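The values are calculated or read from the model by the stated rules, or taken from the named source; none is laboratory data. For clarity, every value in this text was computed on a predicted model and none was experimentally measured. Virtual Cβ from ideal backbone geometry, glycine too; neighbours counted across all protein chains shown. Side chains included, ligands, DNA and RNA excluded: accessible areas come from the protein's heavy atoms. Shrake-Rupley method; radii C 1.70, N 1.55, O 1.52, S 1.80 Å.
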Amino acid sequence: MTDEASPDPAAVIACLRGVSHVFGKTRALDDVTLDFQAGRIVGLIGPDGVGKSTLLSLVAGARKVQNGRVETLGADMRSGRQRRDVGPRIAYMPQGLGKNLYPTLSVFENLDFFGRLFGHPRTVREQRIGELLLATGLARFENRPVGKLSGGMKQKLGLCCALIHDPDLLILDEPTTGVDPMARRQFWTLIDAIRAGRPGMGVIVATAYMEEAARFDRLIAMDGGRVLATGTPEDLRRQTGVSSLDEAFIALMPESKRKLHRGVVIPPRPVGGDGQPAIEADGLTMRFGDFTAVDKVSFRLPRGEIFGFLGSNGCGKTTTMKMLTGLLPASDGTARLFGQQVDTGDIATRRRVGYMSQSFSLYSELTVRQNLDLHARLFDLPARDIPARIDEMTRRFGLSEVLDVLPAALPLGLTQRLSLAVAMIHAPEILILDEPTSGVDPIARDALWQIFADLSRNDGVTIFISTHFMSEAERCDRISFMHAGKVLISDTPQALVEMSGSTNLEQAFVHYLEAAIAGEDGRNPSEENRGETIRQPGESPAKGAPDDATRAASGGLNTRRLLSYARRETIELRRDPIRAAFAFLGSVLLLFVIGYGISMDVEDLPYAVLDYDQTTLSRDYTQQIAGSRFFTERPPISSPAEMDRRMRSGELSLALEIPPGFARDLSAGRSVTIGAWIDGAMPTRAETAQGYVEGLHAYWLAEKARQMIGAKAVAGNFELEPRFRYNPTLESLIAIVPAVIALVLLFIPTMLATLSIVREKEMGSIVNLYVTPVSRLEFLLGKQLPYVALALINTVTLTMFAIFVQGVPFTGSLIALAAGAVLYAFASTGLGLLISSFMNSQIAAIFLATLATMLLAVEYSGMLDPVSSMEGSAALIGSINPATHFVTIARGTFSKALGLAELQGSFLPLLLAALTLLGLSVLFLRKQAR
């Protein structure tokens, strides 16, 4: 469908012409033609999964255009060069709670990271960050890790990160999902203040809040990948002949969807019934260090009640819910379910509760059907009842068509429905739901609420629900308002409106929160966040049109962006104890275990003798072996059966069988055969043992001949006297440990570099690569440098451990080893980058990285068998394998006293490998989603 007729080309900030987009068999967009004007807020409305997010990502350049033409700010989004040029003028906030944020970084550090990416100098960054934090009410939380923020606070921070560089086009995909009404007011006040200073800035928003959409300049209604209608909110109401935008939304839907919708009917709750409350909280308190998240909260919920839990973002709603479910032990106070005190170990009580968390809590590697089946089994549903229960859930929540789809491929609304279905799979008596309808369209919300009503009124299920939709709160039997860990007031929705002197519930909510905030420190929150703190054009280099630093950020290799990623990766690594322990302790542990575990030394082989002769001569023969360091004598063998049994059990590696008449026959000059039974389960070990036995046998014969005949017996004999250089004692440890260092320095850095990028793909923060000016090379180098530094630290640690703990002598040049380690670190991390460039799952990436590094470091590096002895493809792999050349450097510096001059032939292959792997990573890493 075509947009409004004849738009002014000068005012068009983005346009789509015949755009279609397909995901597998699903057509997300179908021949869409639209124009977006500058200086306006344009809203996209429609059910979940109709193409809104796909359209926004195409306009932002985050997704590759399949069919049609997309132009943004005059740039063809098919062209990589034009996308790079226009990127600093676009801000994109993706769908999902904090999807573009980094959970281990603080609020300030996230903003500082984005400011660096867009080229702002330090003073401008700090000034801009301060203004944004003050305007969004996040200033008090600037040092709090993002992972500990509430969902609404993450959304506000995501907006701040999008606005750090003053864009000409702001693209927001459901930005206020999970944000409380008061914070939503602040959110849009901030947008209005920025627009006042930048009248030409365009804003494109997808939203599920119709009261929010009513304030936009223009709306685009979508369904099935097509545009149904465009116009102002008043145009759509007039076109559909209804009074509210919610009703207009429903009226615009196709008949097939419209006929499925029915208004929510909640009968009055029956009076009386079971007097025992379903949920009780008495002085419930939760402290995290010095911070009190929940402060003496008390309430009682009778069975079958729908109780709404409303409050500002970060006020403690989710923490309270977790204490009620037993997921979090309370610091003080008590919580009871069905009269039983909540105990984290009381599984029987917890089975009567269904909990849906605010954050994504499904198994991403399992399909919809498999997630439902797994949770049914976890709650011990009888196996025969599970298929019917899954069918019921899929029908009730409209999941029938996506049963074999992975959750990550579902739009937010369908993901919420699946989470709710999982919470209800075991038919609980209490449902604790943390914002279950966030991001869900009005039709789907009404369907969910009708389910809640039926469960409450027909089945007596108690529903404890948090929400930021005031229209939902009005459907509850009772609600409470919460702020800063305290419950402000609880009553029926109508009673709260009347007591506050307000005209509607949203005004009542804001009234009570403003009163609470004013009581804290005397501030008047109604005067806050109106935008006075947002600078107007010309006040600062960071305001108005993008500054020179931001524009310059779109071209060339920019060290500020590169180091920004390196700094962020270093912070994350430092704050992740598991990765840090794996990186440091894991390296030493591997060297210790493998260095001692892989040994080619064959010593102290257990042996025993089956001596049928029992003469002095036969005992003399066996004493020759007993005196060798290669063998350890065990008790004699009495029979062939015993010999077989002891060798089968592994007690013996060698059994000597001396035949009857051994001494007599030997003295008479007759042929004598002695049996040497060797355990051949390990061929190399067996062949070495055979050599030892044959050598000792020959030595004994020579000695006996000398005793019997005299010196003439050995007259004319000559000896070959081998002399071993570099490892005179032929100790395996001296040969193995340098090669194990090469193995560890390949395995650990490759693994960590691989996970650093694949983890961003799974979390969704890879979108920052797509929509910021950072190039693929800058991104990869920024990711690589911390792990190169880590590999060099490990090189020092492992070298010292080998010398001082394992006793391996170091005889060569430390400079040569260090130079080789630097090149090898770039090569090993480059291998990790290459693997991560085309892998999307951490599990798959770990498997591939482990397989690749073990094969390269063990089989094709010369660790056990010389590369020179390999043939064909094995020889080719060995010759280009970085591990081959570092093993040469490590062994040469440890054992052969080699320096830079002697090892220079190994440095060039390492350099070429590092550059090649980095180049291939740049080539294969996508700068857009497909």
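When F810 is tested against (1) open to solvent by less than 10 Å² (accessible area, probe 1.4 Å); (2) in a loop (DSSP other than H, G, I, E, B), only condition (1) is not met.
R579 meets all of the listed conditions (1) modelled with pLDDT under 85; (2) surrounded by 15 or more Cβ atoms within 10 Å (Cβ to Cβ); (3) part of a loop (DSSP other than H, G, I, E, B) but one, namely (3).
For the residues M863, M839, the requirement of being within 27 Å of K761 (Cβ to Cβ) and not in a helix (DSSP H, G or I) singles out M839.
Residues that are aliphatic (A, V, I, L, M) and at pLDDT 80 or above within the range 247-279 comprise A248, I250, A251, L252, M253, V264, V265, I266, A278, I279, listed in sequence order.
The set of residues in the range 380-391 being at pLDDT below 90 and either within 25 Å of K761 (Cβ to Cβ) or surrounded by 15 or more Cβ atoms within 10 Å (Cβ to Cβ) (or both) consists of L381 alone. Taking the criterion of being surrounded by fewer than 23 Cβ atoms within 10 Å (Cβ to Cβ), touching a Leu at 6+ places or on another chain (Cβ under 8 Å) and not in a strand (DSSP E or B), the residues of the range 462-493 that qualify are M470, E474, P493.
Quick one: would you say L851 is out of contact with any Phe, Trp or Tyr (no Cβ under 8 Å at 6 or more places or on another chain), without any contact (Cβ under 8 Å) to a residue 60 or more places away in the chain, open to solvent by 10 Å² or more (accessible area, probe 1.4 Å) and not hydroxyl-bearing (S, T, Y)? In short, yes. Name the residues in the range 873-924 that are open to solvent by less than 40 Å² (accessible area, probe 1.4 Å), at pLDDT below 90 and more than 22 Å from L833 (Cα to Cα), would you? If the condition is that a residue be open to solvent by less than 40 Å² (accessible area, probe 1.4 Å), at pLDDT below 90 and more than 22 Å from L833 (Cα to Cα), then A874, A875, S895 are the ones that fit. Taking the range 771-819 as the range and being more than 21 Å from L900 (Cβ to Cβ) and aromatic (F, W, Y) as the test, the residues that pass are F779, Y787, F801, F804. Looking at (1) of a type in the set (G, A, S); (2) crowded, with 21+ Cβ neighbours inside 10 Å; (3) at positive phi, which is the only condition A444 fails? (3) is the only condition that A444 fails. Quick check on the range 669-682. Is at least one of its residues open to solvent by 30 Å² or more (accessible area, probe 1.4 Å), over 53 Å from the mean Cα position of the chain (by Cα), modelled with pLDDT under 80 and more than 30 Å from S732 (Cβ to Cβ)? Yes, there is a match, as at least one residue in the range 669-682 is open to solvent by 30 Å² or more (accessible area, probe 1.4 Å), over 53 Å from the mean Cα position of the chain (by Cα), modelled with pLDDT under 80 and more than 30 Å from S732 (Cβ to Cβ).
So which residues in the range 624-633 are at pLDDT 85 or above and open to solvent by 70 Å² or more (accessible area, probe 1.4 Å)? Selection gives E633 alone. For the range 77-133, the candidate set comprises residues that are in a loop (DSSP other than H, G, I, E, B) and without any contact (Cβ under 8 Å) to a residue 24 or more places away in the chain; within that set, the residue that is farthest from P411 (Cα to Cα) is S79.
For beta carbons closer than 6 Å, sequence separation of 6+ or different chains, a first residue in the range 36-61 that is charged (D, E, K, R) and a second that is buried (at least 22 other Cβ atoms within 10 Å of the Cβ) and modelled with pLDDT of 95 or more, there are no qualifying pairs. Being within 18 Å of A883 (Cβ to Cβ) and either surrounded by 23 or more Cβ atoms within 10 Å (Cβ to Cβ) or outside the structural domain of L101 (by the TED database) (or both) is a property that does not hold for L769.
If the condition is being under 18 Å from Y102 (Cα atoms) and open to solvent by 10 Å² or more (accessible area, probe 1.4 Å), then the range 774-807 contributes only P786. Within the range 682-705, residues that are part of a helix (DSSP H, G or I) reach partners that are polar (S, T, N, Q) and open to solvent by 80 Å² or more (accessible area, probe 1.4 Å) with beta carbons closer than 9 Å, at six or more positions or on different chains, in the pairs A702/N717. Scanning the range 879-888 for residues that are more than 17 Å from R725 (Cα to Cα) and in a helix (DSSP H, G or I) yields S879, I880, P882, A883, T884, H885, F886, V887.
Scanning the range 317-341 for residues that are under 32 Å from the mean Cα position of the chain (by Cα), open to solvent by less than 70 Å² (accessible area, probe 1.4 Å) and among the hydrophobic types (A, V, I, L, M, F, W, C) returns M321, M323, L324, L328, A330.
Filtering the range 822-848 to residues that are open to solvent by less than 20 Å² (accessible area, probe 1.4 Å) and hydroxyl-bearing (S, T, Y) leaves Y824, S828, T829, S836, S837. Counting residues in the range 894-907 that are touching a His at 6+ places or on another chain (Cβ under 6 Å) and either assigned to a helix (DSSP H, G or I) or not hydroxyl-bearing (S, T, Y) (or both) gives one or more. Here K543 meets each of (1) open to solvent by 30 Å² or more (accessible area, probe 1.4 Å); (2) more than 30 Å from A473 (Cβ to Cβ); (3) modelled with pLDDT under 50 with one exception, condition (1). Can you find, within the range 450-461, the residue that is nearest to V510 (Cα to Cα) among those that are of a type outside the set (A, V, I, L, M, F, W, C) and either in the same structural domain as E212 (by the TED database) or surrounded by fewer than 19 Cβ atoms within 10 Å (Cβ to Cβ) (or both)? This residue is Q450.
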